[in-house]
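Below is one structure, written out as structure tokens, with a few remarks after it.
The values are calculated or read from the model by the stated rules, or taken from the named source; none is laboratory data. Because the structure is a prediction, the values reported are computed rather than measured. Here the Cβ positions follow ideal geometry from the backbone for every residue, glycine too, while neighbour counts run over all protein chains shown. Only protein heavy atoms, including side chains, enter the accessible area calculation; ligands, DNA and RNA are left aside. Shrake-Rupley method; radii C 1.70, N 1.55, O 1.52, S 1.80 Å.
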Amino acid sequence: MRRHEAAQGAKARRRTARRKGPKTSIARETTADLRAQLNLRTRERDEALEQQTATADVLKVISRSAFDLQSVLDDLLASACRLCKADIGTIRYADGNNYRLAATYGCKPQWIEHFSGYSTKPDRSSIFGQTIIGGHTVHMPDVLADPDYKRPAAVKLMGFRAALGVPLVREGQTFGVITLLRFAVGSFEPKQIEIVETFADQALIAIENVRLFEQVQAKTRDLTEALGQQTATADVLKIISRSSVDLETVLDTLVETVARLCRADQANMFRRRDDMYHLIASHGLSQEAKEFIVAHPFAPGRGSLNGRVAMERRAVHIPDVLQDPEYLYKETQKVLGYRTMLGIPLLREEALVGIFSIHRTRVEPFTDKEIELATSFADQAVIAIENARLFDELRERQAELRVTFDNMGDGVVMFDTTGRLAAWNRNFQEMIELPEAFLAGRPSRSEYFRYLADRGEFVSADLEAQLGRTVDDTGLEMRYERTRPDGRVIEVRRNPVLGGGYVLIYADITKRKQAEEAIRAARDAAEAALRDLQAAQASLVHAQKMAALGQLTAGIAHEIKNPLNFVNNFSALSVELTDELNEALKHAAFADKIRSEVDELTSLLKDNLGKVVQHGKRADSIVKNMLLHSREGSGEHRPADINALVDESLNLAYHGARAEKQGFNITLQRDLDPATGMADVYPQEITRVLLNLISNGFYAATKCATGIADGFEPTLRATTKNLGDKIEIRIRDNGIGVSPELKEKIFNPFFTTKPAGEGTGLGLSMSHDIVVKQHGGTIDVNSEPGMFTEFIVTLPRANIA
């Protein structure tokens with residue numbers, strides 16, 4: 001409705017306007033204003049479109065030429081100058097300690113030369129310096145009007161007047177500037193400045209992309225180089241491990257690898273013999289050069305590379321032998337043609353065993369990394385040479401070992417560093433019953449053990465598991481026993497051999513094992529008898545202690561009981577007399593004050609006598625328990641049905657509590673395992689323990705019920721469980737619980753958590769002695785205050801007593 005009324009009103013106003021007729025001049029002005037606004041909006045749209053197009057073009061260049069920084073910066077600077085109507089543009093950023101001219105626009109060669117000179121520390125005398133120092137955009141509508149600008153030579157050379165500097169900022173630090181210059185005086189518009197600042201962010205992204213790409217390329221090159229070195233090192237180590245006795249193959253591989261990795265043209269290795277150093281391996285030498293070196297061994301001295309290494313025992317590097325004044329081996333240099341040389345000593349425990357040298361026929365010094373790499377390979381050469389020497393010694397000693405082995409009483413077999421059978425004695429051959437033809441073939445370790453496994457010498461064919469998974473670790477000693485099919489027990493010991501390999505020693509220990517078994521059986525029997533004797537002794541000592549304690553306790557209790565009875569009787573009588581006294585004094589005439597004092601005194605006297613009666617009853621209860629505790633004999637010791645004892649104790653305790661306390665009620669839960677069965681116990685004593693535990697549970701559960709709102713149901717649960725040679729009994733209540741501090745004292749004599757007159761502190765103490773000392777069982781308690789208390793009694797089926 002409102003919308004319709006508004007429409008009708010608008011129509012009426014238009015009709016009125018037509019009737020009146022607008023003035024012609026006003027109509028013309030309105031049309032001109034609309035046309036001007038349209039032109040303005042069109043220009044703004046075209047400028048915005050041009051800016052967006054230029055920005056998109058720059059982003060396309062960045063994405064397509066992510067790693068061609070020059071193309072990106074050139075296109076970016078050209079777009080900025082075109083959009084901002086600048087005549088000259090430059091981009092410069094820090095490169096080390098200088099500022100590199102990265103891109104230019106509209107510059108003549110002499111102008112570029114002028115800009116390239118801005119490599120020193122920036123100052124405020126130029127638009128570039130002010131932007132770097134300030135870290136923000138600097139705008140000069142007329143550089144000659146700026147008091148800080150002091151570069152008239154640049155203005156005179158290029159003729160610019162307006163200047164704009166936009167910083168390139170990375171991580172808060174200004175490291176470069178985009179500079180735009182105009183020949184005419186005038187300000188750059190805010191939109192133009194904003195465009196250049198946007199382009200500065202794009203330039204920063206392009207520069208950062210290229211920097212990261214160069215870092216990745218450098219790391220990739222390093223990783224590739226390191227991987228190549230590691231692969232080559234691994235190959236050399238494999239050759240050393242597989243051809244440890246073929247020294248020539250190892251050294252030829254080593255010198256070839258070092259020459260390749262270090263980009264050397266030649267590589268040689270020399271060994272000392274008769275105070276001279278002779279060639280033992282080479283790479284990259286012509287036959288003529290090799291024959292020349294073989295015919296001319298060298299001695300230590302400063303005239304040659306190898307001579308210096310032999311004297312100084314360290315790596316020696318000569319960048320150009322023709323420029324070295326001490327180098328004297330000119331004839332050798334002419335034959336081999338080398339210019340740059342590197343020599344490395346081969347040292348074993350400070351002893352010089354040889355020299356390793358690599359050469360380049362061009363002048364190009366070796367880098368530190370190449371020197372380090374060559375040194376590491378020199379260490380591998382020392383290992384290979386030492387392995388070959390030790391193997392030669394081992395072969396020389398094998399003949400001696402055969403004689404030594406034959407004089408030993410045990411069987412002996414030796415494996416060399418290659419894992420093949422090297423030597424054995426007659427005792428070994430006779431003990432293991434191996435044919436001579438099999439041994440003469442020098443079988444490998446695997447072939448030897450497989451042969452024994454096929455004959456049934458091992459329990460299973462898993463030889464590595466039975467002989468130790470570290471059989472390849474020749475430095476590890478090992479001992480292994482096995483029983484042969486004929487019943488003999490053979491002990492195998494493995495001992496390492498100096499220089500590599502190991503020896504297996506076979507000993508027949510059948511008689512020793514039989515003697516050890518007899519000794520072990522006698523020892524076990526003696527230990528069992530000792531345990532039985534100690535248990536019987538402990539039981540006897542406990543019985544004697546309990547008998548003596550019982551007699552003493554009974555005597556003390558009897559002596560205390562008579563005077564205690566007098567105290568209790570006279571205290572009770574005095575209470576009655578106090579009542580009679582109060583009754584008699586009612587009819588006496590006293591002043592009010594005296595009457596008040598008499599009533600107060602008689603009331604206090606009655607309260608005191610009541611406390612005497614209360615504590616007398618507690619003392620009487622303690623005396624009765626002491627007499628019960630000291631009673632001689634524990635009833636009949638016989639097998640008893642544990643479930644029946646538990647059920648009977650529950651009934652006795654429940655009905656006793658109901659008779660003692662009117663209104664007593666509690667829920668009893670029974671979970672009696674039928675498999676619990678019989679146990680050899682003192683039934684009367686176990687019943688006493690159960691009654692104590694159940695009574696304590698009744699007390700805790702009913703006490704908790706008095707302090708909790710309606711809805712709490714006092715519950716006691718009795719559980720039995722068959723544990724094989726033991727029986728478990730659990731008594732659990734949902735009462736007040738016991739704190740961890742009180743649990744430590746709960747089985748102490750005369751300790752109780754009940755108030756005066758309600759407990760003697762002897763029940764749990766007696767229960768502990770009956771279960772632990774009399775029956776050889778255990779009694780433990782678990783509790784959580786305010787939640788539950790559970791006693792766990794464990795009894796052996798056969799009582800040790």
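Applying the set (1) at pLDDT below 90; (2) buried (at least 16 other Cβ atoms within 10 Å of the Cβ); (3) in contact with a strand residue (DSSP E or B) (Cβ under 9 Å, 6 or more places away or on another chain) to residue 360 leaves exactly one unmet item: (1). Restricting attention to the stretch 241-283, the residues being closer than 22 Å to residue 367 by Cα and modelled with pLDDT under 80 number 0. All of 703, 721 fail the test of being closer than 23 Å to residue 639 by Cα and either open to solvent by 10 Å² or more (accessible area, probe 1.4 Å) or part of a helix (DSSP H, G or I) (or both), apart from 721. Within the stretch 575-618, being modelled with pLDDT under 80, aliphatic (A, V, I, L, M), loosely packed, with under 12 Cβ neighbours inside 10 Å and under 30 Å from residue 563 (Cα atoms) holds for no residue.
It is to be established whether one or more residues within the stretch 94-111 are buried (at least 20 other Cβ atoms within 10 Å of the Cβ), more than 26 Å from residue 186 (Cα to Cα) and among the hydroxyl-bearing types (Ser, Thr, Tyr). Yes, there is a match, as at least one residue in the stretch 94-111 is buried (at least 20 other Cβ atoms within 10 Å of the Cβ), more than 26 Å from residue 186 (Cα to Cα) and among the hydroxyl-bearing types (Ser, Thr, Tyr).
Test residue 325 against the stated conditions and say whether it is at pLDDT 85 or above and surrounded by 15 or more Cβ atoms within 10 Å (Cβ to Cβ). Judged against the criteria, residue 325 is not a match.
Only one entry in 238, 219, 191 is at pLDDT 80 or above, of a type in the set (Lys, Arg), assigned to a helix (DSSP H, G or I) and open to solvent by 80 Å² or more (accessible area, probe 1.4 Å), namely 191.
Taking the stated definitions as given, is residue 288 free of Cβ contacts under 8 Å to residues at least 12 places away in the same chain, assigned to a helix (DSSP H, G or I) and open to solvent by 20 Å² or more (accessible area, probe 1.4 Å)?
no
Taken together, the residues in the stretch 330-351 that are in a strand (DSSP E or B), touching a helix residue (DSSP H, G or I) at 6+ places or on another chain (Cβ under 6 Å) and open to solvent by 30 Å² or more (accessible area, probe 1.4 Å) amount to 1. Residues that are at pLDDT 90 or above and either not in a helix (DSSP H, G or I) or not aliphatic (A, V, I, L, M) (or both) do not occur anywhere in the stretch 753-772.
Of the residues making up the stretch 129-157, just one is part of a helix (DSSP H, G or I), within 19 Å of residue 192 (Cβ to Cβ) and either of a type outside the set (S, T, N, Q) or open to solvent by 30 Å² or more (accessible area, probe 1.4 Å) (or both), namely 143. Applying the set (1) more than 46 Å from the chain's Cα centre (by Cα); (2) crowded, with 16+ Cβ neighbours inside 10 Å; (3) at pLDDT 90 or above to residue 306 leaves exactly one unmet item: (3). Among the residues of the stretch 777-787, the ones that are part of a strand (DSSP E or B) and open to solvent by 40 Å² or more (accessible area, probe 1.4 Å) come to 4 in all.
With 545, 561, 513 as the choices, which residue is open to solvent by less than 100 Å² (accessible area, probe 1.4 Å), at pLDDT below 75 and assigned to a helix (DSSP H, G or I)? Among 545, 561, 513, only 561 is open to solvent by less than 100 Å² (accessible area, probe 1.4 Å), at pLDDT below 75 and assigned to a helix (DSSP H, G or I). Within the stretch 158-180, residues that are within 14 Å of residue 102 (Cβ to Cβ) sit with their Cβ atoms under 7 Å from residues that are modelled with pLDDT under 95 and of a type in the set (Lys, Arg), at 6+ positions apart or across chains, in these pairs: 176/92; 177/92.
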